[in-house]
Amino acid sequence: MDNYYSFEPVEKPQETVIDAIPEKILISLMYRPGMTFNELWNKKGRSNRFAYHVKKLQESNLIKKDDQGKYKLTTKGKKRVAYLESLTGDRCELPIVAVIILVTDGDKVLLYERAKEPFYGYWGAHGGKLRSTNYILEQARESIKKETGLECDLELKGLFSAKTYADDDIFYGHQLFVLKGSNPRGKLLKSTKKGTHRWVKKDEVSKLRILPNIPHLIKIIDSERFRWIEADRFQKKDTFSMKIRKDITL
């Protein structure tokens, strides 16, 4: 239960919350800042149990009590409620928002063979989740340097939106800002914990065991105009396929 109070929405996957009292407290203070203990408790359930959760929320710096004995959300608490459904208190199922960078050098593109799940053994492009402290180009610059050792000129070329299904159940959703990296500089790392890197000719990419969106990401970076692709990806046992829903040039 105490894992609830160390929730970090940017870094950790969502967890199942068994006890709804913390959410009820946070939601109450979201709609009505400045409530007393009795107003929050409203004589529902055991007071000592309710007091335990109030104390834990205070210790976790999610709520605070002012000089008048009234409780309010802290800055951290306000950030926390942004990840809750305001009517139910359930944690929002948010898409993964990330940058993906295809670094090019002439007719070659830099890919890597994934050495981690999901999609272990598939070839993909480099990138990283977009942190709340970074803008798009900042995240792309940071991710490509960390993953490959390279620096390059970056240009935002499009958006790739996808839902990924595993055995017919939705796995997760992606919103990917697609960037083209050109004029690569520095020494390429041979590999990292995430996988092994390789320069691949664009017309030979299909010979690899690639993630199905890679050819479409290459189309995005090669397009003269901003391009938005929306697709459904399907993984069943050893097969991975994709169906394009929209392909729009803006």
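Below, the figures for the structure above:
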item	result
Residue 178 being within 23 Å of the chain's Cα centre (by Cα) and under 26 Å from residue 107 (Cβ atoms)	yes
Qualifying residues in segment 193-214 (those that are of a type outside the set (D, E, K, R) and within 22 Å of the chain's Cα centre (by Cα)) - the one surrounded by the most Cβ atoms within 10 Å (Cβ to Cβ)	213
Identity of the residue in segment 196-213, among the β-branched types (Val, Ile, Thr) and in contact with a Phe, Trp or Tyr (Cβ under 7 Å, 6 or more places away or on another chain), that ends up farthest from residue 248 (Cα to Cα)	196
Long-range neighbours under 6 Å by Cβ, at least six apart or interchain, first residue more than 12 Å from residue 185 (Cβ to Cβ) and aromatic (Phe, Trp, Tyr) within segment 150-163, second part of a strand (DSSP E or B) and at pLDDT below 95	none
Failed item, numbered, when residue 224 is tested on (1) of a type outside the set (Gly, Ala, Ser); (2) surrounded by 12 or more Cβ atoms within 10 Å (Cβ to Cβ); (3) within 25 Å of residue 144 (Cα to Cα); (4) touching a strand residue (DSSP E or B) at 6+ places or on another chain (Cβ under 9 Å)	(2)
Cβ-Cβ under 6 Å pairs, at least 6 apart or on other chains, segment 232-250 side outside any strand (DSSP E or B), far side surrounded by 11 or more Cβ atoms within 10 Å (Cβ to Cβ)	250/226
Test: residue in segment 89-98 that is modelled with pLDDT of 85 or more, within 30 Å of residue 143 (Cβ to Cβ) and crowded, with 16+ Cβ neighbours inside 10 Å	yes
Positions within segment 186-216 being assigned to a loop (DSSP other than H, G, I, E, B), in contact with a helix residue (DSSP H, G or I) (Cβ under 7 Å, 6 or more places away or on another chain) and touching a residue at least 60 places away in the same chain (Cβ under 8 Å), in sequence order	188, 194
Qualifying strands (runs of 3 or more DSSP E) (wholly inside segment 28-124; at least 1 residues being in contact with a strand residue (DSSP E or B) (Cβ under 7 Å, 6 or more places away or on another chain) and free of Cβ contacts under 8 Å to residues at least 24 places away in the same chain)	63-65
Whichever residue in segment 55-74 is in contact with a helix residue (DSSP H, G or I) (Cβ under 7 Å, 6 or more places away or on another chain) and of a type in the set (Ser, Thr, Tyr) and, among such residues, is nearest to residue 33 (Cα to Cα)	71
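The values are calculated or read from the model by the stated rules, or taken from the named source; none is laboratory data. Because the structure is predicted, anything quoted here is derived from the model rather than measured. A quick note on method: Cβ atoms are made from the backbone with ideal geometry, for glycine too, and the neighbour counts reach across all protein chains shown.
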